[in-house]
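Here the structure comes first, spelled out in structure tokens, and everything after it is commentary.
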Amino acid sequence: MVAKVISGKTIRGALSYNENKVKLGVATCIMANQFGCDPYELAFRAKLNRFEKLITRNQKTKTNTLHISLNFDVTENLHPERLCQIASVYMDKIGFGNQPYLVYQHHDAAHPHIHILTTNIQEDSKRIDIHNIGRNESEKARKEIEETFNLVRAESKTKKHGLINPIDVKRTVYGKSETKRSISNAVRLVAQSYKYTSLPEFNAALRQFNIVADRGSEGSQMNLKKGLLYCLLDTHGNKVGIPIKASSIYTKPTLPYLEKQFKLNDALRQPHKARVKSCIDRCFTRMGVITQAVFGQALQQEGIYALIRQGKEGRVFGITFVDNKTKCVFNGSDLGKAYSAKSILERISDTPTTNNPRSIADNENESSGKLTELNLGAFEVINDLTTAKQVDFSSPDAAMRRRKKKKKGRSH
């Protein structure tokens, strides 16, 4: 479990944040402590008035709001009742058990997490000291709760070389999971965490979740207007189910958003190119004559997922490597001529004889043809999923925006 404690000066802003999530259908208020009724009976105004009634009793205290997020491992299936128990024990341990607080269960991330909202002003107008509460009381409470409720410990994620334990990600299958939620979680994870520079590269990472981003056929209205749909894929790579509009997903991973990421990611992934090349070279150096299956298994051990892209007629036109350790995606030709689809397939002993130089193109353009999976790399994503961030540094707008200085006008 990972706890994030943020103090603030406006209870209305923190309350509005959570209530807006409720309106969007990605959050639920599951607990209302010291409110005298069930959470579903409370309107926004009633919740705000309860907090403001206390805050007005001590107007000298400016920092009067506490916004806490408790984040759990992606493998943990915690019911609302269990989350309420954890929230109650946590608030008792940090000294806020008798304070009014609201607990919201959020469904807008790939990992289970809750938000807790409260004030540090008490009924007698005295304030609860929150100086270093995150480092002291909260950290102690977190460790005790992990043991009491048998939760995945945050420390257990740190492994050798600073990497985290690989986890088995249950790939989204149509008819066996909540379609929109499953698509949204996987898309948000890939869009914000992986470094890709084109839609085919983005789709290569999504393919690991049985999902594809579809621009529509050439000349269609959706294609001309830069629309984007996210679709589930079956075991044969065919689209199934009802597609989800990119604009309907919480973080809005639309095509214009992805295009901004392309420019930003091109520079961010460069330091990790050498790792992918060395892993590929090791596979051939250690084994000499290698089959496609063995090549895929060897890359899997390195945490790399490889995808051979073929057209409808079976002609291979590219290969894409997804490094799940560094979360970088590279086309083979971007790594160098020796790593293009043509060169790789020529070095694999069981390459079909029908593949000739003319049928293998080194360019990595989008195709509606079938995809051949070499392996499914290990997903080292627990840390990203269980760390709450106050600011989203993955936004290309935030990363590329320059600060503008305000010009002071001359007084006349």
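Read through the list (1) of a type outside the set (Ser, Thr, Tyr); (2) surrounded by fewer than 16 Cβ atoms within 10 Å (Cβ to Cβ); (3) within 18 Å of the chain's Cα centre (by Cα); (4) assigned to a strand (DSSP E or B), then give the number of the only condition that ILE244 fails.
(2)
So which residues in segment 9-31 are under 19 Å from ILE128 (Cβ atoms) and surrounded by 14 or more Cβ atoms within 10 Å (Cβ to Cβ), if there are any at all?
Once the filter is applied, which keeps residues that are under 19 Å from ILE128 (Cβ atoms) and surrounded by 14 or more Cβ atoms within 10 Å (Cβ to Cβ), segment 9-31 yields ILE11, ALA14, LEU15.
If you check every pair at least six apart or on different chains, which have Cβ atoms under 8 Å apart with a residue in segment 290-305 that is among the acidic types (Asp, Glu) and crowded, with 22+ Cβ neighbours inside 10 Å first and a residue that is assigned to a helix (DSSP H, G or I) and at pLDDT 85 or above second?
none
Looking only at segment 321-344, count every residue that is over 18 Å from ARG188 (Cα atoms) and of a type in the set (Asp, Glu) and tell me the total.
1
THR65 fails exactly one of the following numbered conditions: (1) out of contact with any helix residue (DSSP H, G or I) (no Cβ under 7 Å at 6 or more places or on another chain); (2) within 18 Å of ARG127 (Cα to Cα); (3) of a type outside the set (Phe, Trp, Tyr); (4) touching a residue at least 40 places away in the same chain (Cβ under 8 Å). What is the number of that condition?
(1)
Against the definition (under 21 Å from ASN120 (Cβ atoms), exposed (fewer than 13 other Cβ atoms within 10 Å of the Cβ) and modelled with pLDDT of 95 or more), how does ASN49 come out, yes or no?
So ASN49 passes the test.
Can you name every residue in segment 258-317 that is among the polar types (S, T, N, Q), under 19 Å from ASN203 (Cα atoms) and not in a helix (DSSP H, G or I)? Quick ask: steps written out before the conclusion?
From segment 258-317, those among the polar types (S, T, N, Q) are 261, 265, 270, 278, 285, 291-292, 297, 300-301, 310; that's our starting set.
Keeping just the survivors that are under 19 Å from ASN203 (Cα atoms) gives 261, 265, 300, 310.
Matches in segment 258-317: GLN310 only.
Here's the yes/no breakdown for (1) farther than 28 Å from ILE249 by Cβ; (2) touching a Ser or Thr at 6+ places or on another chain (Cβ under 7 Å); (3) in a loop (DSSP other than H, G, I, E, B):
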{"residue": "GLU19", "(1), (2), (3)": "no, no, no"}
{"residue": "CYS29", "(1), (2), (3)": "no, no, no"}
{"residue": "LEU48", "(1), (2), (3)": "yes, no, no"}
{"residue": "LYS53", "(1), (2), (3)": "yes, no, no"}
{"residue": "THR75", "(1), (2), (3)": "no, no, yes"}
{"residue": "SER88", "(1), (2), (3)": "yes, no, no"}
{"residue": "LEU102", "(1), (2), (3)": "no, no, no"}
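Given the criteria in contact with a strand residue (DSSP E or B) (Cβ under 8 Å, 6 or more places away or on another chain), of a type outside the set (Gly, Ala, Ser) and surrounded by fewer than 20 Cβ atoms within 10 Å (Cβ to Cβ), does ARG57 qualify? Don't jump to the end; show me each part of the working.
Values: in contact with a strand residue (DSSP E or B) (Cβ under 8 Å, 6 or more places away or on another chain): yes; of a type outside the set (Gly, Ala, Ser): yes; surrounded by fewer than 20 Cβ atoms within 10 Å (Cβ to Cβ): yes.
Spelling it out, ARG57 is indeed in contact with a strand residue (DSSP E or B) (Cβ under 8 Å, 6 or more places away or on another chain), of a type outside the set (Gly, Ala, Ser) and surrounded by fewer than 20 Cβ atoms within 10 Å (Cβ to Cβ).
Kindly indicate the residue of segment 272-289 that is charged (D, E, K, R) and surrounded by fewer than 15 Cβ atoms within 10 Å (Cβ to Cβ) and also farthest from the chain's Cα centre (by Cα) among those meeting that condition.
ARG286
Taking the criterion of being part of a loop (DSSP other than H, G, I, E, B) and either surrounded by fewer than 20 Cβ atoms within 10 Å (Cβ to Cβ) or at pLDDT below 85 (or both), would at least one residue in segment 180-190 satisfy it?
No.
Could you identify the single residue in THR251, THR235, THR320 that is under 20 Å from the mean Cα position of the chain (by Cα), polar (S, T, N, Q) and not in a helix (DSSP H, G or I)?
THR251
Before we move on, is PHE321 at pLDDT 90 or above, buried (at least 20 other Cβ atoms within 10 Å of the Cβ), hydrophobic (A, V, I, L, M, F, W, C) and on the phi < 0 side of the Ramachandran plot? Outline the logic, then answer.
Numbers: at pLDDT 90 or above: yes; buried (at least 20 other Cβ atoms within 10 Å of the Cβ): yes; hydrophobic (A, V, I, L, M, F, W, C): yes; on the phi < 0 side of the Ramachandran plot: yes.
Considered against the rule, which asks whether it is at pLDDT 90 or above, buried (at least 20 other Cβ atoms within 10 Å of the Cβ), hydrophobic (A, V, I, L, M, F, W, C) and on the phi < 0 side of the Ramachandran plot, PHE321 comes out as yes.
Being on the phi < 0 side of the Ramachandran plot, aliphatic (A, V, I, L, M) and modelled with pLDDT of 85 or more, is that true of even one residue in segment 283-297?
So far as segment 283-297 goes, no, none of its residues is on the phi < 0 side of the Ramachandran plot, aliphatic (A, V, I, L, M) and modelled with pLDDT of 85 or more.
From the list ARG171, ARG153, pick out the single residue that is modelled with pLDDT under 90 and within 16 Å of the chain's Cα centre (by Cα).
When all the criteria are applied, what remains is ARG171.
In segment 218-238, what count of residues is obtained for those that are at pLDDT below 90, under 17 Å from ASN203 (Cα atoms) and surrounded by fewer than 15 Cβ atoms within 10 Å (Cβ to Cβ)?
5
Name the pairs: first residue in segment 201-227 and closer than 21 Å to ARG269 by Cα and charged (D, E, K, R), second residue assigned to a loop (DSSP other than H, G, I, E, B) and at pLDDT 90 or above, Cβ to Cβ under 9 Å, at least 6 apart or on different chains?
Note: pairs meeting the criteria are GLU201/TYR194.
The values are calculated or read from the model by the stated rules, or taken from the named source; none is laboratory data. Not measured: the values here are computed from a predicted model. Every residue, glycine as well, gets a Cβ built from its backbone with ideal geometry; the counts of neighbours run over all protein chains shown.
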